[in-house]
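Beneath this line is the structure, given in structure tokens, with notes to follow.
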Amino acid sequence: MRLPILFSLVAFLSHADDLPGNAMLAKYFEREVAAIEHQPMLVPASAEEWEKIRAADRAELAGMLGLSPMPERTPLNAVKTGETAGDGFVVEKLHFESRPGLYVTANLYRPAQEAGKLPAILYVCGHSSVKAKDGGSLGNKTGYQHHGAWFARHGYVCLVIDTVQLGEIRGEHHGTYSFDRWWWMSRGYTPAGLEAWSGIRALDYLETRPDVDTTRIGVTGRSGGGAYSWWIAALDDRVKVAAPTAGITTLRNYVVDGAVEGHCDCMFMVNSRQWDYDRVAALIAPRPLLISNTDKDTIFPLDGVMTLHSSVRRVYRALGADGKLGVQIAEGPHKDTQSLNVGAFAWFERWLKGADPMALLDEPAKKYLDPELLRVFTALPKDEINTRADESFVPAAIAKEPADAAAWEKQREAWMRGLREDVFSGWPKSSCDLATTEVPRSETGGVALQAWDFTPQEPWRLRLWVICDATVKPSDIKRITLEPLDEDGWKQLQRCLPGENNAISAEDAGFAALKKRVTGTREAVAFICPRGIGPTAWSGTKKEQTQRLRRFYLLGQTLDGMRVWDIRRAITALRETPFGKAPLRLIGSRAPSVNALYAALFEDGIAGVEMRDPPLSHSSSPIYLNVLRVMDIPQAMAMVAMRTNVTLTTASVGAWAFPKSVVSKFGRPNALEIHPTAGSLSN
């Protein structure tokens, strides 16, 4: 018997440009951004109230930068490696360790003549690659040397620090942008946090200098340096004046308008608290703040910059500090222009020196020195960890086997709280109407196929397939198994689901295997393709797919994390069908099996979970925001196995010792069955 239209979605899979997933994804990003925009920043009624708000927000921001708890302030081990003279200034070449082995190379500019304690500027660099004659890196500090020189010639001490990616020792900013290091998201790591920490430790260094007036410290930088200026000033009150340049805009610009595609990972916090960026900017209030940008900047668009300024201005006005907030818009593209520089210089002259704001600054910033003269290292230190700092900067959670039932319950509650607050905080705060609609039943080769379309979250529309023996009524089904699919699983299922122009053959191997699962039984098998898989897949190049995934984490989500939500809603949808009274099991292969495992953590009444060849750790997949700061897959399996039976087929039996030990210790030794596959490892 031919199935006429039940699975006509197959037909459009060959027309990539027309995939409905593309439109759904665009609408989704728009809706999610709008939802965050509709949660406006709190405007204080008093200075006292603002300090409470700011303390709470600062703690959240530190967490989203991987700085909670704040790292230990280990010895800086600052070393001056040389000195060179310029026209009216001296440059000290130095390095310090923000953490043991994490080197920050820097140039400190000071006036040629000693003049007592001076105001100080921390200048954090944007992306400027300057190569040495021998092929090494001279650091982006040398590309921005004109800023340090200007400040020193005008009576400041200015510390210009390299970034981890473009310093003399190469680290990495492009983990997700270029290298598929999606585990950064699972680890809760962003190089923005590392750069913020480098800046905080740079302030520690400035405090050690006898020529610095620590009551008059400012921070500035452009592009990437603009972003780091925001983080540093937001987190550290030692910064008295800030002038970030071209380093921030709105979430709408990044996600909906696509500005994210022009930025590497150092520009973004891991947005688990779902902030818009005005909340970052507001943390500087009521200190003097100049928001500076050009009018033709495509990666920090003018409309977003002005929207952010208007929002932050509400806080400054509420605090009676409207005069301390400035905005400077210069003509030009995303570039280090003199008009931008002069605006920042005038801001610091005004607020750190009390100079006349109408005074004319007619000396441009100039590069005086051969970059080779500014090099700090003649040989790179062998104990450096810059090249692998992403692996250790944010510590992973360490799971310890609980000593007793009370300790287990306490640990379980902590893990669940961490999952809700830090991992799956991007899930909808309330469930929408499933709006379930039934697709007419069809039969092929003694197998009945039914389907329901449902909405797990606007605007996604997913299909739930249910397959059973055609002779068995839904009310007579004794067990139903729900299987979430990945693309490989969808391709296999697709062979069994005829489109408009082909009929399924009962002899087809895929169909035969599916038929074998249900024929002669009172069991049903249900399948769900979560968002972005199968019928809702979106098209595009590898680069386009990467940029879409990055948008999710700017929203405080990951695609895999939202697929867990889809499975949860599929469970609810399935229970509303005529099959809904039967005990429900979850089954999956590879990464989808882990998504099913986590769904079982949050849904009651699951009759069992079967996992086939799951990944061993979230460091590979699936990717959930911050999950490795909370727990890993074996701990999730232990929690589920304490609720329902889990069956595991794996080639790495020894990797699951933790859940096996937990269920044995607490009286459920048979709740976890582990079956080795061919060639399995014992440890």
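Quotient of the Cα radius of gyration of the stretch 320-363 and 2.2 N^0.38 Å, N being its number of residues: 1.25.
Antiparallel beta bridges, as assigned by DSSP with both residues in the chain, represent about 45 percent of the total such bridges.
Counted residue by residue at 0.36 nm each, then reduced by the alpha carbon distance between them, the extension gain from residue 409 to residue 56 reaches 124.3 nm.
How are the C-alpha pair distances of the stretch 560-644 spread across 10 Å bins, as whole percents from the shortest bin up? Each 10 Å bin holds this share of Cα pairs: 18, 53, 25, 5, 0. A Cα-only calculation for the stretch 31-116 places Rg and Dmax at 21.1, 58 Å. Residue 83 sits among other residues whose Cβ lies under 13 Å from its own Cβ, and their net charge, with Lys and Arg +1 and Asp and Glu -1, is +3. Of all lysines in the structure, those lying under 24 Å Cα to Cα from residue 296, and not within fewer than 8 positions of it along the same chain, are 335, 366. Near residue 439, the amide H atoms lying under 5 Å from its own belong to 451, 452, 453; only residues 5 or more places off or on other chains count, and H is placed 1.01 Å from N.
In this simple spin-label approximation, residue 432 and residue 581 carry label points 7 Å from Cα along the Cα→Cβ vector, and these lie 3.2 nm apart. Per the Debye formula with a single identical scatterer at each Cα and no solvent contribution, what log10 I(q)/I(0) holds for the stretch 204-251 at q = 0.13, 0.18, 0.30, 0.32 Å⁻¹? Per q value, in the given order, log10 I(q)/I(0) is -0.32, -0.56, -1.06, -1.12.
Highest mean first, the peptides 404-416, 303-315, 28-40 sorted by other C-beta atoms within 10 Å per residue fall in the order 303-315, 28-40, 404-416. For the stretch 477-591, the pair-distance distribution built from all alpha carbon pairs, in bins 10 Å wide starting at 0, is 12, 35, 34, 15, 3 percent.
Compared with the alpha-carbon gap, the fully stretched path from residue 87 to residue 491 is longer by 138.6 nm at 0.36 nm per residue.
Once Rg and the Kirkwood radius are both taken over the C-alpha atoms of the stretch 245-291, their ratio Rg/Rh works out to 0.97.
Sorting 67, 373, 166 by solvent-accessible area of protein heavy atoms yields 373, 166, 67, largest first, with a 1.4 Å probe.
The largest-to-smallest principal axis extents of the Cα set in the chain are 95, 55, 50 Å. In order along the stretch 175-189, phi translates into HN-Hα couplings of x, 8, 5, 10, 10, 6, 7, 5, 4, 3, 5, 4, 7, x, 9 Hz, rounded to whole numbers, per the Karplus curve 6.51 cos²θ - 1.76 cosθ + 1.60 with θ = phi - 60° and x for Gly and Pro. In the context of the full set of protein chains, the chain has a per residue accessible area of 38 Å² (1.4 Å probe). Size estimate for the stretch 130-256 follows the Kirkwood approach: the inverse of mean 1/r over distinct Cα pairs works out to 16.0 Å.
Just the protein heavy atoms count here, and of the accessible area of the chain at 1.4 Å, carbon and sulfur take up 51 percent. Inverting the pair-averaged 1/r between distinct Cα atoms of the stretch 387-501 gives 19.2 Å as its Kirkwood hydrodynamic radius.
The values are calculated or read from the model by the stated rules, or taken from the named source; none is laboratory data. Since the model is a prediction, treat every value here as computed from it, not as a measurement. All Cβ positions, even for glycine, are placed from backbone atoms using ideal geometry, and neighbour counts span all protein chains on display. Just the protein is used for accessible areas: all its heavy atoms, side chains included, with ligands, DNA and RNA removed. Shrake-Rupley method; radii C 1.70, N 1.55, O 1.52, S 1.80 Å.
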